[in-house]
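> Would you mind keeping the following structure in view while I ask a few things?
The values are calculated or read from the model by the stated rules, or taken from the named source; none is laboratory data. Values in this document were obtained by computation on a predicted structure and should not be read as measured data. Cβ: placed from backbone, ideal geometry, glycine included. Neighbour counts: every protein chain shown. To get the accessible areas, we keep the full protein, side chains included, count just its heavy atoms, and leave off ligands, DNA and RNA. Shrake-Rupley method; radii C 1.70, N 1.55, O 1.52, S 1.80 Å.
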Amino acid sequence: MERYICIHGHFYQPPRENPWLEAIELQDSAYPYHDWNERITAECYAPNSVSRILDAEGRIERLVNNYAKISFNFGPTLLSWLEAKAPEVYLGILEADRESQKNFSGHGSALAQAYNHMIMPLANARDRRTQVFWGITDFEHRFKRKPAGMWLPETAVDIETLEILAEQGIRFTILAPHQAGRVRRIGVSRWHDVSGGRIDPTRAYEQRLPSGRRIALFFYDGPVSRAVAFEGLLSRGEDLANRLLGVFSDDRDWPQLVHIATDGESYGHHHRFGDMALAYALNHIESNQSAKLTNYGEFLEKNPPTHQVDIIEKTSWSCVHGIDRWWSDCGCNSGSHPGWRQEWRRPLRDALDWLRDSMAAPFEKMARKFFQDPWAARNDYISVILARSVANIDAFLAGHATRALTGEETTQALKLLEMQRHAMLMYTSCGWFFDDLSGIETVQVIQYAGRAVQLAQVLFGDTLEQQLVERLAAAKSNVPEHGDGRRIYEKFVRPAKVDWWRVGAHYAVSSLFEDHSDQMKIYCFEAKREDYEVLSAGLAKMAVGRVRLTSEITRESEVLDFGALHMGDHNVNSGVRKFLGDEAYGALKQEAMEPFMRADFAEVIRLMDRRFGESNYSVSSLFRDEQRRVLDVILASALSEAETLYRQIYERRAPMMRFLTNLHIPLPKAFYASAEFVLNGYLRAALQQEEIDPALIRSLLETATLEGVTLDSPTLEFAFRHNLETMAERLAADPTEPRLKQLHNAASVIESLPFGVGIWKIQNIYYALLQTVYPKMQELQARGDEPAKAWVETFSALGRLLRIKIP
């Protein structure tokens, strides 16, 4: 009988964007990366798009796109981030789906996903329908085809959810084996109990629905999936291939499908080099012709269900209690904090359910002033989310508005829909998955609730926020300092809120440290400078100006006056107010300039207090990324001074340090601190040079070893990797011998470093040149071209350093 293998990866990250800025701010816990999306992309999503197959000597023999050979789904919110921040990876994913259609009889491997990972059985009917519609529309927008399958968040399922999938044209979904209750052959009356994960996962099943519709269900192989996710099966690709092949049985007389499903992050993020194990296993299975790789769409077409199944409702793949993990203290948690309880889950869900329901009626009432059908407009709002241009908003309104809307009415209509968007984002499943109410994932969903409440107050003038906070107080944190949901809201949500004044203050303060163009973006705000004047007096600097801010989300605008004073170091004072007219603005400029030119900064501050009232801001008011950049500028001179002092101490005391180290006597802390600071600084500078000096680097490493200095490996690796990548990109654009020698010289240092260096991108660039430029240079070499011969020799030597097999 025919044997098929399908590996499904559920690639997903919870949305991490600041709800007011629509962007992910700096996350120090992801260092040396900007944020966790960026880090996991480097560890997983990117490697799977260009994975390695090695030869017997551990050299790269071939680069492959794993996504083209497996089944996969990406969360829509993650794809949106990838499109903007990692476009090469994003395009690789789209290309993989096109390639998979060639591999699998016209069936693409990409599946859709319910939009923002909401636990569907816990959602109301409207939200379920919108989540499915948004997921399908997002998929069609990106992959340019209709999805045949849809991934349900956490595989959480009930009959109502399956009805909505089938109603909207979804043909199949994937579930865990323990979610099947009973089965029978189609046309036979007798049912067989398969609860407890006893269903045979090697075929497709048919679930008949009350409406008369039907949907196909695949139940993945539980033991092998667990081994991939938690038991180290990805340590060797051959082990993975053999484990999959070992599932087949000669006792079965039907075409068998061996398939597994795990978080896609298993292949590289959770398990280092997991992408390579996957690539090897896929290649091993294909090359040995021991089974045929397939995807669910192809298998379903060739092998329609012969058996009917009834699911066990309100179950999921990651909670043994069903779906309790997302509303109760069921005992499921990460296991990282013994003794912690999750009693906070229920009051959190109750509070958000109350908020959602409290906003529904006012939304519908006000939205009817603008839309023919408010809920249909909400469904189609995904078209605006996917492209927030003015033209696209106008097209959306043309299809849904009851009449031509004024600018103010358009803003109100968009605010209503944004309120609903955040009212769904606040149900992202990760908010309940982990151990404490104060966790970053849970704070994130509470922030979405905070944004929804803010919009509700602007639209309806109600007091929902206070009532929400009172309900959140019933949710108790395991961390004493965080107390309960009320305190967490006050600590982490209220300070994150953004209004016009804070955006204006960000513009004003940042303008003191970098030149702003007449038009620029501040996250999801457009800033257009209408007037600006800056004065300097020694180290002090003052700016006064007027700026028009426009929200790309709601198209609302505000014109603000501002003044900002920098008196050196971190001493910054800024004020913002609504534009009161040309006369008032002119008076503000004149009043501020006179005392500043006299260097009477105290009077400037008093003036700002009088003119701007309580709207006073400082460096701490900047959004996180700009705050870090500004502080880097402010600290530059202080760090330079400290570096000079450390260098003087080190250079004067280096012989003494070496003497003490040789005697195995611990260095005094002051000596050690200077040595650590200076040597790491020297090394970082050496690794960032355009022309690398290998001898200098080896000397510095030897000195660090002799003096017992701990290297800042993450920072050094990050700096050197980016330098190598820059060299490789220049070589790709200009594959001349000087560029090649420069990269070869730099790469020669890699093996001598006491830490690993990520050369993934450099290898990709080299492999592309191996396919394109290298054959041409070989031809020239064969004709006796001496420069070509030198190029080929250096290129081959570089390939050996990068562990790439040269034909």
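> Are any residues in region 500-536 hydroxyl-bearing (Ser, Thr, Tyr) and open to solvent by less than 50 Å² (accessible area, probe 1.4 Å), and if so, which ones? Steps first, answer last, please.
So in region 500-536, the residues hydroxyl-bearing (Ser, Thr, Tyr) come out as 507, 510-511, 517, 523, 532, 536.
Tyr507, Ser510, Ser511, listed by residue number.
> Something else about it: When you look at Val443, is it open to solvent by 10 Å² or more (accessible area, probe 1.4 Å), under 29 Å from Val493 (Cα atoms), in a helix (DSSP H, G or I) and β-branched (Val, Ile, Thr), yes or no?
Values: open to solvent by 10 Å² or more (accessible area, probe 1.4 Å): yes; under 29 Å from Val493 (Cα atoms): yes; in a helix (DSSP H, G or I): yes; β-branched (Val, Ile, Thr): yes.
Yes: the conditions hold for Val443.
> Now for a different question. Can you list residue pairs whose Cβ atoms sit under 6 Å apart, with the first residue in region 96-122 being in contact (Cβ under 8 Å) with a residue 60 or more places away in the chain and the second being among the hydroxyl-bearing types (Ser, Thr, Tyr) and in a helix (DSSP H, G or I)? Count only pairs 6 or more apart in sequence or on different chains.
Within 6 Å, the pairs are Gly108/Ser100; Ser109/Ser100; Asn116/Thr77.
> Still on this structure, please answer the following. Exactly one of these conditions fails for Val309: (1) assigned to a loop (DSSP other than H, G, I, E, B); (2) farther than 17 Å from Ile70 by Cα. Give me its number.
(1)
> In the set Ile186, Ile136, which member is open to solvent by 10 Å² or more (accessible area, probe 1.4 Å), of a type in the set (A, V, I, L, M, F, W, C) and over 25 Å from Leu417 (Cα atoms)?
Values: Ile136 fails: over 25 Å from Leu417 (Cα atoms).
Of Ile186, Ile136, the one residue that is open to solvent by 10 Å² or more (accessible area, probe 1.4 Å), of a type in the set (A, V, I, L, M, F, W, C) and over 25 Å from Leu417 (Cα atoms) is Ile186.
> Right, here's the next one. Go through (1) outside any helix (DSSP H, G or I); (2) out of contact with any strand residue (DSSP E or B) (no Cβ under 6 Å at 6 or more places or on another chain) and name the single condition Asp138 misses.
For Asp138, the exception is condition (1).
> Say whether the condition of being within 27 Å of Lys292 (Cβ to Cβ), out of contact with any Asp or Glu (no Cβ under 6 Å at 6 or more places or on another chain), without any contact (Cβ under 8 Å) to a residue 40 or more places away in the chain and not polar (S, T, N, Q) is met by at least one residue in region 179-192. Before you say what the answer is, go through the steps one by one.
So in region 179-192, the residues within 27 Å of Lys292 (Cβ to Cβ) come out as 179-180, 183, 185-186.
Then keep just the ones that are out of contact with any Asp or Glu (no Cβ under 6 Å at 6 or more places or on another chain); that gives 179-180, 183, 185-186.
Retained after the next criterion (residues that are without any contact (Cβ under 8 Å) to a residue 40 or more places away in the chain): none.
Looking for residues that are within 27 Å of Lys292 (Cβ to Cβ), out of contact with any Asp or Glu (no Cβ under 6 Å at 6 or more places or on another chain), without any contact (Cβ under 8 Å) to a residue 40 or more places away in the chain and not polar (S, T, N, Q), one finds none in region 179-192, hence no.
> Output the number of residues of region 474-494 satisfying the condition of being touching a helix residue (DSSP H, G or I) at 6+ places or on another chain (Cβ under 8 Å), in a loop (DSSP other than H, G, I, E, B) and not hydrophobic (A, V, I, L, M, F, W, C).
Count: 1.
> Of all residues in region 195-223, which are assigned to a loop (DSSP other than H, G, I, E, B), touching a helix residue (DSSP H, G or I) at 6+ places or on another chain (Cβ under 8 Å), open to solvent by less than 60 Å² (accessible area, probe 1.4 Å) and not charged (D, E, K, R)? Give the derivation first.
First, pick out the residues of region 195-223 that are assigned to a loop (DSSP other than H, G, I, E, B): 195-204, 209-213, 220-221.
From what is left, the residues that are touching a helix residue (DSSP H, G or I) at 6+ places or on another chain (Cβ under 8 Å) are 195-199, 201, 204, 209-211, 213, 220-221.
Okay, now just the ones that are also open to solvent by less than 60 Å² (accessible area, probe 1.4 Å), so 195, 197, 199, 201, 204, 209, 220-221.
Correct list: Ser195, Gly197, Ile199, Pro201, Ala204, Leu209, Tyr220.
> Sort out which residues of region 161-173 are open to solvent by 10 Å² or more (accessible area, probe 1.4 Å) and either of a type in the set (Lys, Arg) or touching a residue at least 40 places away in the same chain (Cβ under 8 Å) (or both), and write them in order of number. Walk me through it before giving the result.
Of region 161-173, the ones open to solvent by 10 Å² or more (accessible area, probe 1.4 Å) are 163, 166-169, 171.
Matches in region 161-173: Glu163, Ala166, Glu167, Arg171.
> Any residue in region 386-398 that's surrounded by 16 or more Cβ atoms within 10 Å (Cβ to Cβ): show its pairings with residues that are in a helix (DSSP H, G or I) and among the hydroxyl-bearing types (Ser, Thr, Tyr) at Cβ separation under 7 Å, as long as the two are six or more apart or on different chains.
Note: pairs meeting the criteria are Phe396/Ser383; Leu397/Thr410.
> Suppose we filter Ala112, Ala148 for residues that are surrounded by 19 or more Cβ atoms within 10 Å (Cβ to Cβ), within 21 Å of Gly297 (Cα to Cα) and under 20 Å from the mean Cα position of the chain (by Cα); which single one remains? It would help to see each step written out before you state the result.
Working: Ala148 fails: under 20 Å from the mean Cα position of the chain (by Cα).
Just one listed residue meets the conditions, Ala112.
> Please indicate, with yes or no, whether at least one residue in region 366-385 is open to solvent by less than 20 Å² (accessible area, probe 1.4 Å), of a type in the set (Phe, Trp, Tyr), within 32 Å of the chain's Cα centre (by Cα) and at pLDDT 95 or above.
Looking through region 366-385, at least one residue is open to solvent by less than 20 Å² (accessible area, probe 1.4 Å), of a type in the set (Phe, Trp, Tyr), within 32 Å of the chain's Cα centre (by Cα) and at pLDDT 95 or above.
> Restricting the first residue to region 227-240 and requiring it to be part of a loop (DSSP other than H, G, I, E, B), which pairs with a second residue that is among the acidic types (Asp, Glu) and open to solvent by less than 20 Å² (accessible area, probe 1.4 Å) meet a Cβ separation below 6 Å and a spacing of at least six or different chains?
Correct list of pairs: empty, since none qualify.
Conditions (1) in contact with a helix residue (DSSP H, G or I) (Cβ under 9 Å, 6 or more places away or on another chain); (2) not in a helix (DSSP H, G or I), marked per residue:
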{"position": "Ala695", "(1), (2)": "no, no"}
{"position": "Arg730", "(1), (2)": "yes, no"}
{"position": "Ala746", "(1), (2)": "yes, no"}
{"position": "Tyr766", "(1), (2)": "yes, no"}
{"position": "Lys776", "(1), (2)": "yes, no"}
{"position": "Pro787", "(1), (2)": "yes, no"}
{"position": "Trp791", "(1), (2)": "yes, no"}
{"position": "Thr794", "(1), (2)": "yes, no"}
{"position": "Ile806", "(1), (2)": "yes, yes"}
